[in-house]
1. Under 5 Å between amide hydrogens, which residues at least 5 positions from Val167 or on another chain qualify, with H placed 1.01 Å from N in the peptide plane?
2. How charged is the neighbourhood of Arg79? Take every other residue with its Cβ under 14 Å from the Cβ of Arg79, and add Lys/Arg as +1 and Asp/Glu as -1.
3. What does the charge count around Ala174 come to, taking other residues whose C-beta lies under 11 Å from its C-beta (Lys +1, Arg +1, Asp -1, Glu -1)?
Amino acid sequence: MEAPAAPHDPSEQNPHGPSEPAGARRTLELTVTSAEDMLDLGRRLAGLLRAGDLVMLTGELGAGKTTMTRGLGEGLNVRGAVTSPTFVIARVHPSLGDGPPLVHVDAYRLGGGLDEMEDLDLDVSLPESVVVVEWGEGKVEDLTEDRLQILIARATGDASGDADDDVRRLTVTAVGPRWTTADLDALRG
């Protein structure tokens, strides 16, 4: 797995406006070249996470959101097969050890913001769990000021239109004080 860009320098001017303090947002660009690399990335991400962490995954259908979450579940050592919760909306995977449970949410079918998601009790689950929300953009940001937002995009190919279907470009954005000192470089592998 290659990682072409360096983490965002928090001393740079804040591109996200005055409502967010400079340094409250860090970005890391990664390239993943296979489904196995996406699983490995999820396992490494698990090493950075703790109870109370929110991870938002954004990407088109088939981008690798659930594959990454499967690796994260392996890294967190949770019970049960991590599969897409599209039709059940949310699944809880209890820890098999002393780590936090994994709450895996698919917000694709939910149209509204946090109000529509209240029935899931994510605000209650978050303090003691790692919560991963697929398709959560614009819906769960208000759960916490600290979160990882991961955008997964398929490679577009070269000038001839050829693209390796397994290649993904990821933008990992760490938001909030929780992530100011986290070692995001651990995700590079």
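Derivation of every value follows stated rules applied to the coordinates shown; laboratory data play no part. Treat the numbers as computed from the prediction; the structure is a model and nothing was measured. Counting neighbours? That spans all protein chains shown, and the Cβs are built from the backbone with ideal geometry, glycine included.
1. HN-HN under 5 Å from Val167: Ala155.
2. Spelling it out: positives minus negatives among the neighbours equals 0.
3. +1
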